[in-house]
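Please read the structure below before turning to the comments.
The values are calculated or read from the model by the stated rules, or taken from the named source; none is laboratory data. This one's a predicted model, so the numbers in the text were calculated from it and none came from an experiment. FYI the Cβ positions are ideal-geometry reconstructions off the backbone, even for glycines, and counts take in every protein chain you see. Accessible surface areas use protein heavy atoms only, side chains included; no ligands, DNA or RNA. Shrake-Rupley method; radii C 1.70, N 1.55, O 1.52, S 1.80 Å.
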Amino acid sequence: MACSLSQSMIRCLSLPSRKKYSFGFNATLRAIATKSRATAAISTTTTSTSRRNVVHHDTLSSEFWTHPLPMKKSIQFHALSCDTHSVASRINFSTQTDPAWQTKSEGDAADEASAPTAKTAKTYKRSPSVLTQLPSDFTPEQAWKLLKNHLAGNRQVRLDDLVSICRASRPHTMEDAKIIRKALFELNRFNHLMITIDAAKDAVEGMMRSAMGQDTDRTAEFHLRAGTFVGNIFIKEEYGLYVAVETEVLNEHILQVLLDGIQQYNNERLNEEEQSDKMEKLVNDSANVAKKVIDTLLTRASNPTKDMKKRKKRKYLKYLRCSGGPTPESIDLAVRICLSHCNPEQGVAMAREILDAYEERPFLGTAKAETIGMVQEHETRMKEKIVVEEDEKKEES
């Protein structure tokens, strides 16, 4: 903003009492007023939090242009022609600063020039696995001993090492299945290992291979023991499989194995007069495991985090890899297993609970008509049996 200042105004600006108009230029203004003809430029720079555009007001014929820079404000007084009575001045509010701000020092320019070359890409060379110290035909026991020493040094264990242990399991060797179970527990608890879908499948297959023998040795007892062993590991949270195993894997390696064992046991029981208490216990345990497997799948597919606390919810979502629920095939297998329970009433009740829970979640699908008819047929038989027993009691009384 340009204006013409009279001598009285200059005196007012120079008075110390008029702090309102004092910019710190009083001494300079008094020097300009005492000279008859002088040309001077007074420039001062103050910081500001706002940016204003350049305003051009020129009462004289000269032109003035400033190059704006951010976050700076300069007030320039240009007294181009003045005498003892008046001072021609010009005030520009702009973002111009001292030219020193615009020029970079040699050191800064050198740093910028060398910055791209200094930031070189870091190449990470992955160290070899500790299992490379073992022979090619190592056993899960040997590998786990080596990994335990590695884990004791507060070092992380790779997921590939766990997969190698699972794939090294030997058929008809229950010790290998127990080592895989122990490795899952220890790594999930102390190493915070996140098991992927593929690794979980390898773990299930490895334990089933070790818990069951060769094709000729797969009797009913082997089927039931292997199915209940792996099913209990899936159910318990401390092993970490319940958030990573797919439903198809459970159908093939747990539920179908249990059903095959029960059918084989029923065929063997027809040829034997006496029933083994040990086998009956295995059949009942298989039914309980099948029921819990379906309950776990239903819970996993029904947004279980809504009832969890904050910390547990974060941990569950962090480790979750598969949230699939039971399929109609899973329901059919579990219902058939439960109906084979040695206690018919308890088996029918478990089968009905599975169907009712599945019907409450229509987004998972619909149970097979054959499965529903099978449960209804067993319920009808149970009702008829109860009526007959009541009639017999009345006749005896």
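Couple of notes before you dig in:
- Accessible area per residue for the range 163-208 is 44 Å², calculated with a 1.4 Å probe on protein heavy atoms, without ligands, DNA or RNA.
- The HN-Hα couplings worked out from phi for the range 129-137 by the Karplus form 6.51 cos²θ - 1.76 cosθ + 1.60 (θ = phi - 60°) are 5, 5, 6, 5, 6, 8, x, 5, 9 Hz, whole numbers, x standing for Gly and Pro.
- In this structure R126 has an accessible area near 130 Å², from a 1.4 Å probe over the protein heavy atoms.
- Going by accessible surface with a 1.4 Å probe and the largest first, D198, D295, D161 read D198, D295, D161.
- The range 335-391 versus the range 248-312: alpha-carbon centroid distance in Å: 15 Å
- The order of F234, F138, F185, F363 by accessible area, most exposed first and with a 1.4 Å probe, is F363, F185, F138, F234.
- When peptides 388-397, 338-347 are sorted by average Cβ neighbour count within 10 Å, with the highest value leading, the order is 338-347, 388-397.
- Convex hull per residue volume in Å³, alpha carbons only, for the range 139-217: 68 Å³
- Listed residue pairs exceeding 21 Å between alpha carbons, taken from K201/K236; K148/K313; K145/K236: K148/K313; K145/K236
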